[in-house]
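A.B. asks: Take a look at this one; I'll ask things after.
The values are calculated or read from the model by the stated rules, or taken from the named source; none is laboratory data. Here the structure is a predicted model, which means the values were calculated and not measured. Virtual Cβ from ideal backbone geometry, glycine too; neighbours counted across all protein chains shown.
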Amino acid sequence: MSSIRAAIAILCGCLAGFGGVGGALALEPGQRVDNFRLLDHRGVSHELYYLSDAKAVVLMVHGNGCPIVRNALPTLRALRDRYGGRGVEFLLINSNLQDNRDAVAQEAAEFGIDLPILKDETQLIGESLGVERTADVFVIEPGTWKLLYRGPIDDRLAYGAQKPAATRNYLADALEDVLSGKPVRVAKANAPGCLVDLPEQDRRAAHAKISYSDTIAPLLERRCASCHLPGGVAPWAMTSYEMVRGFGPMIREVVRTQRMPPWHADPHIGAFEGDRSLTVDEAATLVHWIEAGAPRGDGPDPLAHLERSRSEWTLGQPDLIVEVPAYTVPPTGVVNYQYPRVANPLDHDVWVRAVEILPGDRSVVHHVLAGVDDPAAGSQRNAAEQIAHFGGYSPGKNVLPYPPDTGVFLHKGASLRFQMHYTPSGKETTDVTRVGYYFRDGPPRYPLHLLMLAKYSLVVPPNTKAYTVSVEHVFERAVVLYSLMPHAHLRGKAAKFTARYPDGREEVLLSVPKYDFNWQTSYMLKSPKVLPEGTRVVFDMTWDNSAQNPANPDPNRSVTWGEQTWDEMNAGWIRFRYADETVETAADGG
């Protein structure tokens, strides 16, 4: 007991007289809590407003090394066990600058913390909550999203002292009131805890001086404007300061909930080409500028003068352009997958180094797969490698050349085959999609291969928030791994690829904590990874077939494998080459 008191006194007691962090705008009971999404210490995604079916949400401020937090956690766990079955969700949030995710995970393991600890790396959520000290508890009402209670769990802990038992059980009383439909009897109390350093809280005046011309516009040009341009895939174009300011509140919301920019890989696992995500500093700067009123300041408007006449082909003029036969998409209804074929116009074999697909009408083209029908290949290629032989298009999919010294073979006797998925947009339109093929000057050193992991007997049960299926493949030969791509439909929630090596080691290759059907991204490793002979690659796909999933067509339906979006898939695409194979030794020449 005395050692605990001494630790609390040393670490926290000396700070007690300083009050809250200067400039902090504490969120008061009765005020609305804005939505946010964060990853926890295990890499699991959590969004506040997703918890709309809960009776209440309890959020306690966490901090590594804080003795008050450590001492309060057993009580919080007991309350979780008591009220979790009654519809109350319990979470922790860590906004400390000094605590990274690995350190938080280590603390959780050491102290047996089995609650999710959300890591607020930008401190934007801590700032919006007005976090001042650890061990502060927020009780939030789902639906209205109002703060109902703010304060300590109880009155047992204080700086340098603790009671044998609490005499005021603030959190338990608040939850009883909420569950009984009564006003919370004590809506606010002072919470002892270790101070949380939120340095940007003291820089409100500086935020109003962030330069739109020198800082914000270049950031938007770098991260956003490639989609937010006239004729782009985004619904509005970043053509001026006025447009950006008008959409400022929306930009703040999608950054806080990590909906934009559209990049869904866990930033703590792996490194991938074409990463569209904002850095911690970029996200904080952009939101602080918006919260300061999006000041215009001096200087030119770079977005107004941004060059918009870029080539329609990202990789330059293709060596061969093929038009997919025109297809008229009706204004409504269901369009079955189309599988048009086009004769190969070439009279010689070629090696392809890249493919780019330009939809004729992006509003109705959900995705395109560029494949091949090659009788000469025989049984050497699997069905997945045939249908997506060259790659594909979907919103958010990167246009990247194949890795150096590699290529995909196109036999002169093969025909070109496409899978076209159309979704009606409310008006009739005719789509003519073009596919550009880029050739190598000669054969590459290595042929590329494509593998799809899938379970066609898939059945996702109804009214289930998280249902996971694992599919695995053992590589009998050593391979060089280049890219990974998970695919599901509207109920897709999360995805993960894991390598289990012959020596017993396990490594997560890619984790997508918040899968988004609208953005089908292929994740190309910055550094190709060698997987030794005998490596088992496991693909986990998780679906949300509950009413909490706003995209769910019918949560009461058992969902099976199917091509339409209201059906489901668990397709894990792997692009690789065999480590011991060259073009000369390949069984089918490619």
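A.B. asks: Take the residues of region 44-76 that are closer than 15 Å to G112 by Cβ and touching a residue at least 60 places away in the same chain (Cβ under 8 Å): which is surrounded by the fewest Cβ atoms within 10 Å (Cβ to Cβ)?
C.D. replies: Checked region 44-76; the qualifying residue surrounded by the fewest Cβ atoms within 10 Å (Cβ to Cβ) is N71.
A.B. asks: Return the residues of region 320-336 that are assigned to a loop (DSSP other than H, G, I, E, B) and loosely packed, with under 15 Cβ neighbours inside 10 Å; say none if nothing qualifies.
C.D. replies: P325, A326, P330, P331, T332, G333, V334, N336
A.B. asks: Which of the residues spanning region 374-405 are modelled with pLDDT of 80 or more and either buried (at least 18 other Cβ atoms within 10 Å of the Cβ) or of a type in the set (A, V, I, L, M, F, W, C) (or both)?
C.D. replies: Listed by number, the residues that qualify are D374, I387, A388, H389, F390, G391, G392, Y393, L400, Y402, P403.
A.B. asks: Still on this structure: Confirm whether T215 is outside any loop (DSSP other than H, G, I, E, B), farther than 29 Å from Y49 by Cα and hydroxyl-bearing (S, T, Y).
C.D. replies: Details: outside any loop (DSSP other than H, G, I, E, B): yes; farther than 29 Å from Y49 by Cα: yes; hydroxyl-bearing (S, T, Y): yes.
Criteria met by T215.
A.B. asks: What number of residues within region 550-566 satisfy the criterion of being without any contact (Cβ under 8 Å) to a residue 24 or more places away in the chain and either of a type in the set (F, W, Y) or within 10 Å of H489 (Cβ to Cβ) (or both)?
C.D. replies: Residues meeting the conditions: 1.
A.B. asks: Within region 169-183, how many residues are in contact (Cβ under 8 Å) with a residue 12 or more places away in the chain and surrounded by fewer than 15 Cβ atoms within 10 Å (Cβ to Cβ)?
C.D. replies: Number of matching residues: 1.
A.B. asks: Right, next: If the Cβ limit is 7 Å and pairs must be 6+ apart or interchain, which residue in region 77-97 that is of a type in the set (S, T, Y) pairs with which residue that is surrounded by 12 or more Cβ atoms within 10 Å (Cβ to Cβ) and assigned to a helix (DSSP H, G or I)?
C.D. replies: Y83/L175; S95/I125; S95/G126
A.B. asks: Here's something else I'd like to know. What is the number of the single condition among (1) assigned to a strand (DSSP E or B); (2) touching a residue at least 40 places away in the same chain (Cβ under 8 Å); (3) within 17 Å of W573 (Cβ to Cβ) that Y467 does not meet?
C.D. replies: Only one criterion is unmet by Y467, namely (3).
A.B. asks: Turning to a different aspect of this structure: Could you say which residue among P555, P502 is out of contact with any Gly (no Cβ under 7 Å at 6 or more places or on another chain), at pLDDT 95 or above, outside any strand (DSSP E or B) and surrounded by fewer than 23 Cβ atoms within 10 Å (Cβ to Cβ)?
C.D. replies: Details: P502 fails: out of contact with any Gly (no Cβ under 7 Å at 6 or more places or on another chain).
After applying the criteria, what remains is P555.
A.B. asks: Related question: Looking at A579, is it modelled with pLDDT of 95 or more and either among the charged types (D, E, K, R) or surrounded by fewer than 17 Cβ atoms within 10 Å (Cβ to Cβ) (or both)? Steps first, please.
C.D. replies: Values: modelled with pLDDT of 95 or more: yes; either among the charged types (D, E, K, R) or surrounded by fewer than 17 Cβ atoms within 10 Å (Cβ to Cβ) (or both): yes.
Here the answer is yes, as A579 does meet what is asked.
A.B. asks: Also: Among (1) surrounded by fewer than 17 Cβ atoms within 10 Å (Cβ to Cβ); (2) within 29 Å of G126 (Cβ to Cβ), there is one condition H288 misses while meeting the rest; what is its number?
C.D. replies: Condition not satisfied by H288: (1).
A.B. asks: On to the next question. Just checking, does region 514-532 include any residue being surrounded by fewer than 16 Cβ atoms within 10 Å (Cβ to Cβ), of a type outside the set (V, I, T) and at pLDDT below 95?
C.D. replies: yes
A.B. asks: Shifting gears a bit: Exactly one of these conditions fails for L509: (1) farther than 21 Å from A388 by Cα; (2) touching an Asp or Glu at 6+ places or on another chain (Cβ under 8 Å); (3) among the hydrophobic types (A, V, I, L, M, F, W, C). Give me its number.
C.D. replies: It is condition (2) that L509 fails.
For (1) of a type in the set (G, A, S); (2) within 22 Å of the chain's Cα centre (by Cα); (3) within 30 Å of P486 (Cβ to Cβ), each residue gets a yes or a no:
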| residue | (1), (2), (3) |
| --- | --- |
| Q201 | no, no, no |
| A217 | yes, no, no |
| V233 | no, yes, yes |
| R245 | no, no, no |
| M250 | no, yes, yes |
| V255 | no, yes, yes |
| P261 | no, yes, yes |
| L286 | no, yes, yes |
